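Chemist: Quick one: this structure, given as structure tokens, is what I'll be asking you about.
The values are calculated or read from the model by the stated rules, or taken from the named source; none is laboratory data. Model, not experiment: these values are computed from the prediction. Note: ideal-geometry Cβ built from the backbone for every residue, glycine included; neighbour counts use all protein chains shown. Ligands, DNA and RNA are excluded from the accessible area calculation, which covers all protein heavy atoms including side chains. Shrake-Rupley method; radii C 1.70, N 1.55, O 1.52, S 1.80 Å.
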Amino acid sequence: MSSPTARSTASPAASPAVGGGPVRPSAGWGVVHLMLRAAPGAPGAEEALQAIDAFAAVDPQQVVAFSVLGGRADVGLMAIGPDLDALDGVVKRVLGGPFEPVYSFVSLTELSEYSATEEEERTRLEAEGVADLEGRLAEWRGRMEAYREARLHPRLPPRAMIAFYPMSKRRDEGANWYELGFEERKRLMGGHARVGRRYAGRILQLITGATGLDDWEWGVTLLADDPAAIKEIVYEMRFDEVSSRYADFGPFFVGLVMEPRAAFARAGVV
């Protein structure tokens, strides 16, 4: 991950993008996943590295760079920030270097529509006979605020590995997610979420929305120090009905997280 020791406090509008000005979503931040094939000997590597460093120097913009395991690509980048113009600028400057794009994915950070409401939490606590109801609700509001902030405005921690894959919900006859009522979808997603929570501390999961922005509806990014944890969570999720009956998956990319220059060097372009 590119994480300069001194970050600028300038607004994203001051980023190195060249365009018509900032383009900020009304909710969430933009995210671009980019998988690159290196062309050793081609010019532009230093300029691409400078663009990445300049982008990541503007808080809260971030870049996670990684060496892609296997032969699908050489270098991967995950760039995230509140200004789509800045994101487009850094992507174009990287692509002007010694790389060809193998795969890209554009999405926005988002909240889950299936999160529990305060009314539902109140009902649950009342059913349990909690004495300090208002105190417990205040604690719940604090947790939910932290959860919403982490989903919409994530600060990605350093981890050894990253995995990314896109996915969509099925529309097959007899297994059409969008024909289910909201309460049934919420019930199913509740079980799905419980599986994910068992990996808290071992894996950071970021789900970003791409409906109307890319070919798939969501992007799933997993950050972990243990490769086995990534394998385990994806395997376990496959048995959950949300995945086994209603999910389609795109290509999987997995890589070793490192500084951009190290990833470029491993690919032979610097």
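Chemist: What does the charge count around VAL23 come to, taking other residues whose C-beta lies under 15 Å from its C-beta (Lys +1, Arg +1, Asp -1, Glu -1)?
Modeler: Local charge sum for VAL23: -1.
Chemist: Taking the Cα atoms of the chain, what is the range of coordinates along each of the three principal axes, in descending order and whole Å?
Modeler: Largest to smallest, the principal-axis extents are 67, 43, 35 Å.
Chemist: For the chain, find the longest principal axis of its Cα atoms and tell me its angle to the long axis of helix 118-128, 0 to 90°, nearest 10.
Modeler: Long axis of 118-128 versus the principal axis of the chain: about 50 degrees.
Chemist: Let me ask something else. Nearest 10 degrees is fine. How inclined is helix 45-56 to the longest principal axis of the chain, computing both from alpha carbons?
Modeler: Approximately 40 degrees, to the nearest ten.
Chemist: Which of the lysines could a cross-linker span from LYS186 if the Cα-Cα distance has to be under 21 Å and same-chain partners fewer than 8 positions apart are dropped?
Modeler: The qualifying lysines are LYS169.
Chemist: Evaluate the distance, in nm, between pseudo-label points positioned 7 Å from the Cα of LEU69 and of GLU232 along their respective Cα→Cβ axes.
Modeler: About 1.5 nm, to one decimal.
Chemist: Might you tell me the accessible area per residue for the chain, computed with a 1.4 Å probe and given in Å²?
Modeler: About 49 Å² of surface per residue is accessible.
Chemist: Out of the total accessible area of region 24-78 (probe 1.4 Å, heavy atoms of protein only), what percent is carbon and sulfur?
Modeler: Exposed carbon and sulfur together represent 54 percent of the surface.
Chemist: What is the angle, in °, between the Cα long axis of helix 227-238 and the longest principal axis of the Cα atoms in the chain? Nearest 10 is fine, range 0 to 90.
Modeler: 50 degrees
Chemist: Here's another thing I want to ask about it. For the pair MET167/VAL23, report the inter-label distance in nm, with labels modelled 7 Å from Cα in the Cβ direction.
Modeler: Using points 7 Å along Cα→Cβ, the separation is 2.9 nm.
Chemist: Something else now. Separation of region 79-138 and region 152-231 by C-alpha centroid, Å?
Modeler: Comparing the Cα centres of region 79-138 and region 152-231, I get a distance of 11 Å.
Chemist: Estimate the FRET efficiency between GLU149 and PHE182 by the formula 1/(1 + (r/R0)^6), using the beta-carbon distance for r and 22 Å for R0, to the nearest 0.05.
Modeler: E between GLU149 and PHE182, to the nearest 0.05, is 0.35.
Chemist: Still on this structure, I have one more. Please list, in chain and number order, the residues 5+ apart from LEU213 or on another chain whose amide H is under 5 Å from its amide H, with Hs placed from the backbone.
Modeler: It is none; the list stays empty.
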